[in-house]
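These notes concern the structure reproduced below.
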Amino acid sequence: MNYLDFLRQSAADTGSIACMGLDINIKAIPRDPKRSLTEDIVFFYRTIFEEMVKQNVFPGAFKPNLGFYLDLDKPREHMYNGSDALGYTIDMLESMFPNIPIILDFKTEDIAASAGNYASVIYNRWRARAGTAGLYPGKDSAMEFAKYCDEAGGRGVYFLCRTSNPSAGNFQSFTNADGLSLYLEVADKVMEWSQSPPGYPGAGIVIGTTAEYLNELTNITKRVKQAKRSLPVLIPGVGTQGGPAPEIIAKLEDAGYDLDLVRINSSSGLTHPWKTVDKIPADWQKVCVANLFKLNQEIGYKTSYG
């Protein structure tokens, strides 16, 4: 099963195209002096996951951001609480939700052997189903990630196409002589790589979307549809960054985009909306699942697969 089929099947199985971002914030989770930091993180996620199973509420993907976990490591002191916690969390996800993709958010890029090593970190060391990457160095760098994403590999990679930070336009809005913005040229290149021989159907794009960047979402998705291509799309920005899920869906539907291939991410809004531990409610795991249920309702996804 290639990555496109895996996305379609997981969306049908879960009834969701939401993506749950697992960006751990140790200042917002319950701590126990009898547990290590690693154990606290694993306890926190396990409790949420068990509540999801109990209520039969699921996302269409999980997305841990590697930076949040590496920042908890202290390599010079030989302490790896963050990496250990992420390893145990991925183990839990694969055991409890084997049909839901895990997207390791890494967004790294380099050239030659270094690019290959970074790709190996995502797919061989962490053994994630998909990852994120940059492509500024060009095709030879991007192919180090894409080569895991052919029909046989069955993995996915989301290349940064358009971000939603305030200074995104510093480079991404540059236009060529034909008036084509750089972010649209990126989309064109990923389309080319995804389906031209040998073809990497798991190659997709990241489109960061807030209320201010809905037009860019439309520009990209309509361009992909007009080219009659199928690209996985990861859309961060919902929740604390201000992205409105119903408006995002309206733009995607207007473009005629295949929603089965889309994942709309929310992170802190699903796992620690209270921000600080002193405000954590007694039934925090139920609050998390209620927010996931609400996001699923706002998205209003109805599967057409299978």
- Message: When you scan region 138-151, do you find a residue that is modelled with pLDDT under 90, surrounded by fewer than 16 Cβ atoms within 10 Å (Cβ to Cβ), touching a strand residue (DSSP E or B) at 6+ places or on another chain (Cβ under 6 Å) and not hydrophobic (A, V, I, L, M, F, W, C), even just one?
- Response: no
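Every residue, every condition in (1) closer than 22 Å to A61 by Cα; (2) in contact (Cβ under 8 Å) with a residue 40 or more places away in the chain; (3) hydrophobic (A, V, I, L, M, F, W, C), yes or no:
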residue: V121; (1), (2), (3): yes, no, yes
residue: R125; (1), (2), (3): yes, no, no
residue: G131; (1), (2), (3): yes, no, no
residue: K139; (1), (2), (3): no, yes, no
residue: E144; (1), (2), (3): no, no, no
residue: G156; (1), (2), (3): yes, yes, no
residue: D178; (1), (2), (3): no, no, no
residue: S181; (1), (2), (3): no, no, no
residue: E185; (1), (2), (3): no, no, no
- Task: Can you confirm whether region 262-271 contains a residue that is over 17 Å from the mean Cα position of the chain (by Cα) and assigned to a helix (DSSP H, G or I)?
- Result: no
- Item | Among the residues listed as D40, D13, the single one being assigned to a helix (DSSP H, G or I), at pLDDT 95 or above and farther than 23 Å from V238 by Cα | D40
- Checked against (1) under 24 Å from L22 (Cα atoms); (2) more than 17 Å from the chain's Cα centre (by Cα); (3) modelled with pLDDT under 95; (4) of a type in the set (A, V, I, L, M), A290 satisfies every condition except (3)
- Could you list, in sequence order, all residues of region 58-70 that are among the aliphatic types (A, V, I, L, M) and surrounded by fewer than 19 Cβ atoms within 10 Å (Cβ to Cβ)? L70
- Which condition number in (1) over 30 Å from Q195 (Cβ atoms); (2) buried (at least 22 other Cβ atoms within 10 Å of the Cβ) is the one that R46 fails? (2)
- Message: Contact list please: Cβ distance under 6 Å, first residue in region 257-269 and over 14 Å from G237 (Cα atoms), second residue aliphatic (A, V, I, L, M) and outside any strand (DSSP E or B), pairs at least six apart or on different chains.
- Response: L259/I17; D260/A11; L261/L7
- Tell me, which residue of region 103-137 that is small (G, A, S) and closer than 18 Å to D188 by Cβ is surrounded by the fewest Cβ atoms within 10 Å (Cβ to Cβ)? G134
- Test result for K27, part of a loop (DSSP other than H, G, I, E, B) and out of contact with any helix residue (DSSP H, G or I) (no Cβ under 7 Å at 6 or more places or on another chain): no
- Item | Scan of region 89-110 for residues that are among the hydroxyl-bearing types (S, T, Y) and over 13 Å from F49 (Cα atoms), ordered by number | T108
- Can you name the condition, by its number, that V277 falls short on among (1) buried (at least 22 other Cβ atoms within 10 Å of the Cβ); (2) more than 15 Å from the chain's Cα centre (by Cα); (3) not charged (D, E, K, R)? (1)
- Which residues, taken from region 71-102, are in contact with a strand residue (DSSP E or B) (Cβ under 8 Å, 6 or more places away or on another chain) and either crowded, with 22+ Cβ neighbours inside 10 Å or assigned to a strand (DSSP E or B) (or both)? L86, T89, I100, P101, I102
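The values are calculated or read from the model by the stated rules, or taken from the named source; none is laboratory data. Note that the structure is predicted; figures quoted are calculated from it, not measured. We place every Cβ from the backbone using ideal geometry, glycine too, and count neighbours over all the protein chains shown.
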